[in-house]
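A short write-up of the structure that comes next.
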Amino acid sequence: MSDSPVSEMDETNEASEEIDRTEHSPEQRAEERPVTTGADSVVRALENAGVEYLFGVQGGAIMPVYDALYDSEQLTHLTMAHEQGASHAADAYGIVAGEPGVCLATSGPGATNLVTGIADANMDSDPMIALTGQVPTAFVGNDAFQETDTTGVTDPITKTNFFASDPDEVGDDVGAALALANTGRPGPTLVDLPKDITNAETDREPGEPKTPDTFHAPEKADEAAVEETARAIEAADKPVILAGGGVIKGDATDELRAFAKEYEIPVITTMPGIGAFPEDHELSLEWAGMHGTGFANMAITHCDVLIGIGTRFDDRLTGGIETFAPEAKVVHVDIDPAEISKNIHADYPLIGDAGAVIEQLHEEIEFAPDADEWREQCQTWKSEYPMDYQTPDDEPLKPEFVVEALDEATSDRAIVTTGVGQHQMWASQYWTFTEPRTWVSSHGLGTMGYGLPAAIGARLAADDDQEVICFEGDGSLLMTIQELSVAVRENMDITVAVLNNEYVGMVRQWQDAFFEGRHAASEYSWCPEFDKLAEAFGARGFAVDDYDEVADTIEAALEYDGPSVIDFHIDPRANVYPMVPSGGANGQFALSEAQLEDL
Amino acid sequence: MTGGLQGPGPLDRPQPTGRRNSQGIRVDPDAEADPETRRAVLSALVEHEPGVLAEVSGLFSRRQFNIESLTVGPTENDNRARITLVFEEPEPGLEQAKKQLEKLLPVVSVTELPDDATRRELALIKVSATRPDEVSALASMYDAQAVDAGRETITVEVTGSKQKIDAAVEAFDRFGTHEIVRTGIAALSRGAEYTATTPDGAPADD
């Protein structure tokens, strides 16, 4: 990797580090290095948008773009081990930075390998742009070597995509794709770049990036609707706020916190909404849903006014629709009109930007709802359904203990990334999140292996004093372990905590609960020793079996200035609770497998 | 199995009495029933560019909306095409389909047409030519025209409402139907009113 042209370019970057080229004007850039090809125009559009990092893998049809990147001193490209890693890294970068992450790949397999990450970003509404090489226009449709109908394949999983057809306009396409990715409801966009277009000569600098005229992003909600909603909130006896990922993506956490605290309304988050409200605050009920806290699920079941903000009422949150907040009038604030009444009927739809609408409500509401009794009830539920766990000496390590130990050892601003499975649930349940953009996970798509490439993207977007902790499971980590090579090459300070139970544990848990304990294809004791594998990659590796090794090992791993992997051998029988069975009633969550059998 | 938590069990907890129907609407627990479906005609003005039809039809199939017919063609503006969609859904589904359609970038505007809108469909019906005089007589009853006549078959063109076409198809079948093709519905609102407008009410073709 070190002898790749792009890495050499990085060294030049270091030499001229004092110059912040993201501050340059488009005119300065054009004067310093005028556009000569379509590929130059692509690179210029990225530069003009303030992009600093790209994640990708080289290949035939994208070579002209890489060649143009060679000359950019503003853009740093990270070669990933696999294109899927590139799309997850770009996705995570977008989550942490709040700016679109950029990934690129060649045509055919390069593009299809990006697909999982694009679909992931689409489900979680993360700002991201994918640039894919394509066979030359004359070959398109002929089943040429490494040809895939990329815009066709990605149509259902992008906010929109573009097929570049003119070298003079390809930069504008990229500019529009970047602008769209982070305007209104964020999401992934894609520009497919035929090689003849990127290779073609043009001296046209891309214009000011703009979203297409047919795209509308509402800002403020209708005033009359706000008034009506305010009256309903004032009259509530049992109000609760449900803060979704849209609160974080819309940078509305300050507005939300001020609103909730002033009117003393308890706050539940969705999983993507984790960090929107401090979980150590009295009003926080943490998060609701299939594995949410008992108190959040009780509150959501019994509230009379549910103020949903930036949430799409996903089935993992609602459980069975019939029993979801069955007595609540629903206020739904969302920037995407299509989310209103898609899953849960909104009695008070408010279409607009989360922060702007919260401020509208804040101004309109004249008095706080009279909800002392309700708040007391919420506190009672908190004490009735604590997230406790036992750590008997004669049993293997409990995963909850590991999560809390890492939380303890790191700062409030530490960023947590995860794969998908039991470890993801334990991390989200037992880590106390207080800041937005510190929880980076794959929610809607549920992509195993998301954690490690996400940690790489998050690391680049994070401040230097923010630790990046990646929780992974053994099965999940094995899917993208090759990206450890990138973390080593770039000497990235990332701590990977493997909650290793030698199973794809969530499947094993469901098999025990719903398939009579028949462990079909869920037993993973054949996994490699992750500490040794880490060392082979050039990272630091640790293995932990006992409680008394946990704290010291975490300290050593955090102190190491580079990637480290701690293989925590946890109780292979540990299960995730509470649990609302699929399609069940939130208020009927099970606290143990025995209770699950009663439902 | 480990990992159990403490607290009152599911059956020891208070339970709410309300509930929602499958559309997520709060309902009287004793009432219910599946919501009734309705047939609606949507007119979408779209950018006239490659791939739009695929985007629209892909949207409808992946979100499981039932399309009865979909017609697309150019408009008075070279940059715009009009798609007329007929489909049947419960009320929330109609709303959802409209909003999802509006989200597609090449879609300029979407309007549901009122019942009195002008709706036309065209069919070509190819029947056996053994009784040409009778075919001709029937065609004139339906205001239809013979557009191709050979030794073995006659093709007639009939235009009108869906009901008229249905009736014609049935009527011509007495001669022995070889083949039929129907266009699906094309529709425009009546009078000076624009079928499609931008969100601020201006004619969308501007």
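The values are calculated or read from the model by the stated rules, or taken from the named source; none is laboratory data. Source: prediction; values computed, not measured. We place every Cβ from the backbone using ideal geometry, glycine too, and count neighbours over all the protein chains shown.
Just a few scattered comments:
- Candidates A:Gly584, A:Gly562, filtered to the one that is touching a residue at least 24 places away in the same chain (Cβ under 8 Å), part of a loop (DSSP other than H, G, I, E, B) and within 29 Å of A:Met290 (Cβ to Cβ): A:Gly584
- Scan of region A:288-329 for residues that are under 19 Å from A:Ala356 (Cα atoms) and either within 8 Å of another protein chain (Cβ to nearest Cβ) or among the β-branched types (Val, Ile, Thr) (or both), ordered by number: A:Ile307, A:Ile309, A:Thr311
- Of the residues making up region B:1-15, those that are surrounded by fewer than 17 Cβ atoms within 10 Å (Cβ to Cβ) and at pLDDT 90 or above are B:Pro8, B:Gly9, B:Asp12, B:Pro14, B:Gln15.
- Qualifying residue in region A:379-394 (condition: touching a strand residue (DSSP E or B) at 6+ places or on another chain (Cβ under 7 Å) and either surrounded by 21 or more Cβ atoms within 10 Å (Cβ to Cβ) or at the interface with chain B (Cβ under 10 Å from one of its Cβ atoms) (or both)): no
- Applying the condition of being of a type in the set (D, E, K, R) and assigned to a helix (DSSP H, G or I) to region A:171-217 and asking which residue is surrounded by the most Cβ atoms within 10 Å (Cβ to Cβ) yields A:Asp173.
- Some residue of region B:127-137 being touching a helix residue (DSSP H, G or I) at 6+ places or on another chain (Cβ under 9 Å), basic (Lys, Arg) and either under 29 Å from B:Gly58 (Cβ atoms) or part of a helix (DSSP H, G or I) (or both): no
- Filtered residues of region A:161-170 (kept if within 14 Å of another protein chain (Cβ to nearest Cβ), within 18 Å of A:Ser107 (Cα to Cα) and buried (at least 19 other Cβ atoms within 10 Å of the Cβ)): A:Asn161, A:Phe162, A:Phe163, A:Ala164
- Hits in region A:235-277 (condition: free of Cβ contacts under 8 Å to residues at least 40 places away in the same chain, more than 25 Å from A:Glu327 (Cβ to Cβ) and in contact with a strand residue (DSSP E or B) (Cβ under 8 Å, 6 or more places away or on another chain)): none
- Scanning region A:395-418 for residues that are facing chain B (nearest Cβ under 10 Å), part of a helix (DSSP H, G or I) and acidic (Asp, Glu) gives a single hit, A:Glu400.
- Looking across region A:568-581, just one residue is in a loop (DSSP other than H, G, I, E, B), farther than 18 Å from A:Met298 by Cα and more than 7 Å from chain B (Cβ to nearest Cβ), and that is A:Pro572.
- Figure legend. Inter-residue proximity from region A:374-388: first residues farther than 19 Å from A:Thr432 by Cα, second residues part of a helix (DSSP H, G or I), beta-carbon distance below 6 Å, spacing 6+ or different chains. No pairs are indicated.
- Among the residues listed as A:Ala543, A:Ala594, the single one being in the same structural domain as A:Asn491 (by TED's automatic domain parsing) and either over 27 Å from A:Leu484 (Cβ atoms) or outside any loop (DSSP other than H, G, I, E, B) (or both): A:Ala543
- If the condition is being surrounded by 17 or more Cβ atoms within 10 Å (Cβ to Cβ), within 14 Å of chain A (Cβ to nearest Cβ) and within 14 Å of the chain's Cα centre (by Cα), then region B:47-77 contributes B:Val56, B:Leu59, B:Phe60, B:Phe65.
- Those residues of region B:99-112 which are more than 7 Å from chain A (Cβ to nearest Cβ), surrounded by fewer than 20 Cβ atoms within 10 Å (Cβ to Cβ) and part of a helix (DSSP H, G or I), in sequence order: B:Glu102
- Single residue of B:Val46, B:Val56 found to be in a helix (DSSP H, G or I) and outside the structural domain of B:Arg182 (by TED's automatic domain parsing): B:Val56
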